[in-house]
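Worksheet for the structure shown next.
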Amino acid sequence: MRQKFLAILVVGLVAALGLGSAWAADKPILIGAPVPLTGPYASDGEQMKMALELAVAEKNAAGGLLGRKLELTLGDVGGLEAEKIKAVGERLVGAGANVIITGYDDGGVDTKVFGEYDMPYLHGNAMTLCTQPVAENLEKYGNVFQYTYNDKAYGMDADKYLFGLGQEMGWKEPNKKIAIIKVDYAYNIMPADEFAKLAAAKGYEVVVNETVPFGMAEWGPILSKIESADPAYVTFWHLDPTDAARFIQQFSEHFKDDGLNALVYMQYTPSIPEFIKLAGKSAEGVIWVGSAFGFGPKFEDYKKRWMAKFKTEPAGMYAEATRDAFDMWVAAVEKAGCVDCYPKVIENLRATVHKGLCADYKFDLRDQSILQTDEYMPLVWFQIQDGKNVKMRPAKYNEGGKYKLPPWIKK
Amino acid sequence: MILKTERVSKAFGKLQALLNVDLEVAEGEIFGIAGPNGAGKSTLFNVIAGAFPPSSGRIVFDGRDITKLKAHQICHLGLTRTFQVPRTFATLSVFDNVRVGATFGGEDIRIHREKVNETLAFLGLEEARDTPASNLDLYTTKLVMMAACLATGCRLLMLDEPLAGLSMIEIASFLGVVRHINRDGGITVLMIEHILDSLIDISNRMLILDNGQVIYFGDPEGVRTDPKVIEVYLGEGDIQFGEDA
Amino acid sequence: MTTGPSASPALQLEGVDSYYGDLQILRQAAFHINEGEVVALFGPNGHGKSTLLKAISGIHPPRAGSIRFMGTEISKAPSDKIVEMGLAYIPEARNLFNEMTVVENLRLGAYNRRARGKMDRNLKLVFELFPRLAERRDQTASTLSGGESRMLAVGRGLMSDARLLLIDEPSIGLSPLMKKTVFGAVRRIKKETDISILIVEQEVDYPLALADRIYLLKKGQVIMERSVGEISKAEIEKAYF
Amino acid sequence: MISGSLYACMALGLTIVYGVTHIFNFGHGIVAVSGGYFTWWFLSTTGLGLIPSIALALVCMFVIGLVLYKFTLSPMLKTPNWEFSVIIFLLGLGILWENLLLQAFGPRVKDIPKFFDGRFKIGFVRINHHEIALIVIVILFVIGLNLLLKKTWFGQAMRAVAQDMDGARIVGINLNKTFGYSFALATAVTGFSGVLLATKYYMTPHIGWDWMVKGFVIIVFGGLGSATGAVYAAFILGLAEAIVTLYLGSLWVWPIWFVMFLLILLIRPQGLLGGRTL
């Protein structure tokens, strides 16, 4: 009797599953996107949302993925609070998301949240905090991919190239003193500390080391501190364009008359177009480092399609990187021939060498973050000249320009 | 002497509220204090009760120097006061209001109960014992305030304008209660009052303050005829209308 | 200037009921004040004297009944309109503006539109009545003594260009000399202006010497009306029971 | 100095509302931001100059304040426990309004041009003309507000209500009307502080919350309801902010602010000039 019951149960289940998958063919493939739509990161979040909307629209117009329509479900993670990412994550997974894609969504718990499930999770958080768990437990967190390199990369990269720049512009460093100003956030603290450590090994001395909160409006006291310490390098590690613009504006006013014999380096922030818009002329001469986004023929074409749909220009790396992540996942699914055969899709992602809109991606198989080399996804050095971001290195991107002395260095 | 102040002065910034006030209150008497508004009467009470220390001078209660003691310490020694503005705990019953006073003694709960009941009976408040204080009329509120003071087990009670706002009949009966406390309870009373006829009537001795200084000390009836007191406090004649007289 | 009591009532109350929550305070209260008349209202504590003044002045409007001031029904009017009509309430609690100077307090007394134009004239009158206030014109109200702040409250009431003053317990907490001063001022108002006055008091002596008529309020009802001279202090005391 | 004067302006709006009506405006930050947004909007769409745009924005703020009071707050004040319901209501309204701004104008940063360019130098200190202008404007503004409070009937009525509500009714002041105009005035003042802040520090819809928290600390520090206290507190805390940033690091600003806050509450629970009112 009991065996019969079990048999019926099994038959029923199989039938249900069969029916389910037949039904599933009509059901759209669900893409879950936890992105910051309100709060301080809303301007980036808006770009992520638009990128995914464009991607889904284009893919659907081309007949869908494996013949099925794609559908996008957004979740707002606001100011990236842990409890928000948790709630949003559960909602998206509960809704049946087949993949989770975001530009960035968190400061360290996202890996734990999405690592609980099987579908692939692609994020651009660019933080050691997010990749550490993956490196430590590849078995468990194998579905978590960071399609950017880690934060420390900026620090290592700065140490490698910053001190050689003077020569290129005919400037000799007057001393071996460094000022570090970093916002109280792992993405910026990690590389700044890494840089300090590496530079110290070369004999440089950190004379100003300030951690500042977000929303810093009045930089006067910090600028006075820089003035009295008189460093040769001022490095600024931040990710909010508003704060950074206020800094450079007050900086250039502060040193307009007496000057400061120092180079100014900024991590990432000027890549957000708002920065130049707000900072205007005062950012002239700033050297900054960002990812390889926003240029090249493929990007120009993408930009046209973007503008056709949204009537505004894509703004910042997440307009683009989020699309690259989407394409990566699409390629992996198409190669696997199925959406919910997650292990296969993940296998394919790991083997990816993806030609992105601007640079190429290859995952570091130890922690599933992207390798940062001149060949794959290099960090690109810029200088702001005549109100524009001019690419300086790696050599393959150089726009023929040479570093110029910033206006606050007086001869 | 149960209470003695020696050359007590108090200044608030530039304002000299009290200047060299000497006061002696004998055990068992009713002592009256009067004087113009702003003469320093309430300040004198505050200084004695320890609300703030005097700028100079010495206060002795029951042979003990209390000049520097805090209000609650003085209260424990047996000297308590009421305030001009009736202060009770509005939502508490009469019983609980009085018990709050008794609790200052620091003895065990049973003794409190007895003491509270005793005090209520003594002042004829048994009927009101469960009424919330906010429902009481002004007269009963004043009695409750006094009961709360008595329940601390005090020996000297200071009353600050207890008759203000009472009707003539209420005044008469309130004075009866004060006499009862004094005679049958053995409690010394120090009382500030403007209703002078009543104060003269009840006091054994009186003191008049003006501008922080003592201008009269002694026999109550003498107050009416003292020229200085008439000048600054009473005004000429019986019923007269001040400035147009 | 003095016109003496006249026949037409400045204020007339009929059947006034007032409550605090469910508790009825006034029961069918009725009385009147003639123009130019000084009326004293006595009564035991807690029987509704202050409530009556609050009902008239619109601070705590009555639930039923009619209150006519100079012929106009005001029982439902808001307090600011009542003030503007010339009815000034001087509460026992004084309700002065403690952080303002004496003169600022007085000027605010003339807040209503009708009084603003006559502010300077009335200010002069107040300072004449209370020279003490003129001396302290730039002192803040919180630094005044009890008697002085009582004068200020009365003065502020006069500033509203009042035709009727309601004064609640002016003698409370005042020294004998101060009482003389305050009641002296009330008598001068009586003699030199035609403002009608209603005084609520515990202390009987002064009002008896001042008033034209007296009322007794007990348990929320006006139970007795007498002309002064018809009644002695002892009789009033007796009537309390 | 500069942050101090901006904080002062912002705290004044809060103080007026609290002093007169005893309403704690939890939508205060977003009110400030709105002033900035209105100005920015008039500036970018109407082709009006800066000053007319600001003026127009402040008129809008005043009207909004009045309407808000008349149709929402005034009925609420008649209910029991309105202190709490009004706080929740204004907080909710603030969040709603913030999101409406976000929908209408997007999350991007907006700024309002400076009043003056250029700067000069005294000794080692460099000073911008704009910053001088801000300080002068705020000082004039405080003086103007003071004149309004002391010399006009409306101002006197506001002070009267703040000091003794029953007293105010006794002299014939219409409480509801005074509440309404005070709320409207405070809305405009707060909006103006937002304009000034936006000329110096840019703005986004959400930035108001930071401003508001600072505003609350300032008015409690200065003594609830005391306008003079709020101005002193703003300058003291502004100065403390600068000194702490210079010698301890900017992360210490909030902790030090709160230590000062606690200290003043321990020493003078009523705040710097508490107990004194408008």
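Values for this structure:
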{"read-out": "Relative contact order [Cα under 8 Å, 6+ residues apart], the stretch B:86-154, whole percent", "value": "54"}
{"read-out": "Between helix B:109-122 and chain B: long-axis angle, C-alpha atoms, 0 to 90°, nearest 10", "value": "50"}
{"read-out": "Translational D in µm²/s for the stretch A:164-243 (Stokes-Einstein at 37 °C, 0.692 mPa s, Kirkwood Rh from C-alpha pairs)", "value": "244"}
{"read-out": "Per-selection metrics, chain D (Cα): Rg and Dmax in Å", "value": "18.5, 59"}
{"read-out": "Per residue solvent-accessible surface (Å²) - the stretch B:86-154, probe of 1.4 Å", "value": "50"}
{"read-out": "10 Å binning of all Cα-Cα separations within the stretch B:86-154, expressed as whole percents from 0 upward", "value": "25, 59, 16, 0"}
{"read-out": "Highest-fluctuation residue, D:I112, D:I143, D:I236 considered, GNM on chain D with Cα pairs under 10 Å", "value": "D:I143"}
{"read-out": "Residue order for B:D96, B:D201 - accessible surface, 1.4 angstrom probe, largest first", "value": "B:D201, B:D96"}
{"read-out": "Segment A:A82-A:E136, extension gain: residue separation times 0.36 nm, minus the distance between their alpha carbons", "value": "17.3 nm"}
{"read-out": "Drop in accessible area of at least 20 Å² in the complex versus isolated chain, residues of the stretch A:37-54, 1.4 Å probe", "value": "A:T38, A:G39, A:P40, A:A42, A:S43, A:E46"}
{"read-out": "Area hidden from solvent between A and D (accessible, protein heavy atoms only, 1.4 Å, total, Å²)", "value": "2600"}
{"read-out": "Rg/Rg_ref, the stretch A:190-316, where Rg_ref = 2.2 N^0.38 Å and atoms are Cα", "value": "1.22"}
{"read-out": "Shielding by other protein chains, D:239-246, mean Cβ within 10 Å", "value": "3"}
{"read-out": "Partner chain coverage, peptide C:89-95 - average Cβ within 10 angstrom", "value": "4"}
{"read-out": "Cα-centre dipole for the stretch A:55-146 with unit charges at Cβ (Lys and Arg positive, Asp and Glu negative), debye to 20", "value": "300"}
{"read-out": "A:K27 versus A:Q167: modelled label distance in nm, points set 7 Å from Cα along the beta carbon direction", "value": "6.2"}
{"read-out": "10 Å binning of all Cα-Cα separations within the stretch B:1-117, expressed as whole percents from 0 upward", "value": "12, 37, 32, 16, 3"}
{"read-out": "Rh (Kirkwood; distinct C-alpha pairs) - chain A, Å", "value": "22.7"}
{"read-out": "Hydrodynamic radius by Kirkwood, which averages 1/r over all alpha carbon pairs of chain C, in angstrom", "value": "17.9"}
{"read-out": "Chain C - charge dipole about Cα centre, Lys and Arg +1 at Cβ, Asp and Glu -1, debye rounded to 20", "value": "280"}
{"read-out": "Neighbourhood net charge (11 Å Cβ-Cβ; Lys/Arg +1, Asp/Glu -1) for A:G155", "value": "-1"}
{"read-out": "Protection proxy ranking, peptides A:385-392, C:201-208, average beta carbon neighbours within 10 Å, highest first", "value": "C:201-208, A:385-392"}
{"read-out": "Cα-based equivalent ellipsoid, the stretch C:131-186: semi-axes from gyration tensor eigenvalues, Å", "value": "17, 16, 10"}
{"read-out": "Residues of the stretch A:257-411: accessible area per residue with a 1.4 Å probe, Å²", "value": "41"}
{"read-out": "Where only C-alpha atoms are counted, convex hull volume of the stretch A:98-170 per residue in Å³", "value": "93"}
{"read-out": "Selection from C:L41, C:S66, C:L129 lying farthest towards where the dipole of chain C points positive, charges on Cβ", "value": "C:L129"}
{"read-out": "Column: log10 I(q)/I(0), Debye, Cα scatterers of the stretch D:120-250, q = 0.19, 0.20, 0.22 Å⁻¹", "value": "-1.30, -1.39, -1.54"}
{"read-out": "Diffusion coefficient, µm² s⁻¹, Stokes-Einstein with Kirkwood Rh over alpha-carbon pairs of the stretch C:1-134 at 37 °C and 0.692 mPa s", "value": "198"}
{"read-out": "Cβ-isolated cysteines (cut-off 4.7 Å), the protein assembly as shown", "value": "A:C130, A:C358, B:C75, B:C149, B:C154, D:C9, D:C60"}
{"read-out": "Mean ellipticity per residue at 222 nm, deg cm²/dmol - from DSSP H runs of n ≥ 4 across chain D, formula -39500 (n - 2.57)", "value": "-24500 deg cm²/dmol"}
{"read-out": "For the stretch B:25-179, alpha-carbon Rg and Dmax in angstrom", "value": "15.8, 46"}
{"read-out": "Counted charge near A:A245, where neighbours are those whose Cβ lies closer than 10 Å (Asp, Glu -1; Lys, Arg +1)", "value": "-2"}
{"read-out": "Averaged over D:150-163, number of beta-carbon atoms from partner chains that fall within 10 Å", "value": "3"}
{"read-out": "Chain D: most fluctuating residue of D:L100, D:L175, D:L246 per GNM, C-alpha cutoff 10 Å", "value": "D:L246"}
{"read-out": "Radius ratio Rg over Rh of the protein assembly as shown, counting only Cα atoms, Kirkwood formula for Rh", "value": "1.11"}
{"read-out": "Top of D:Y202, D:Y232, D:Y247 by mean-square fluctuation, Gaussian network on chain D, Cα under 10 Å", "value": "D:Y247"}
{"read-out": "Fraction of accessible area attributable to carbon and sulfur, the protein assembly as shown (%, probe 1.4 Å)", "value": "57"}
{"read-out": "The stretch A:250-264 - phi-based ³J(HN,Hα) in whole Hz, Karplus 6.51/-1.76/1.60, Gly and Pro as x", "value": "5, 4, 5, 5, 4, 9, 4, 7, 8, x, 9, 7, 8, 8, 10"}
{"read-out": "A:D386 paired with D:L262, simple spin-label distance in nm, labels 7 Å along Cα-to-beta-carbon", "value": "5.8"}
{"read-out": "Chains C and D together, accessible area buried on both sides, 1.4 angstrom probe, square angstrom", "value": "2000"}
{"read-out": "Net charge contributed by nearby residues that have their C-beta within less than 14 Å of C:S227 (K/R +1, D/E -1)", "value": "-3"}
{"read-out": "Charged-residue dipole, Cβ positions (Lys, Arg, Asp, Glu), the protein assembly as shown about Cα centre, Debye nearest 20", "value": "2100"}
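The values are calculated or read from the model by the stated rules, or taken from the named source; none is laboratory data. Computed from a prediction, not measured in an experiment: that's the story for all the values here. Please note: Cβ atoms are built from the backbone with ideal geometry, for glycine as well, and neighbour counts cover all protein chains shown. The area values use the complete protein model at the heavy-atom level, side chains included, leaving out ligands, DNA and RNA. Shrake-Rupley method; radii C 1.70, N 1.55, O 1.52, S 1.80 Å.
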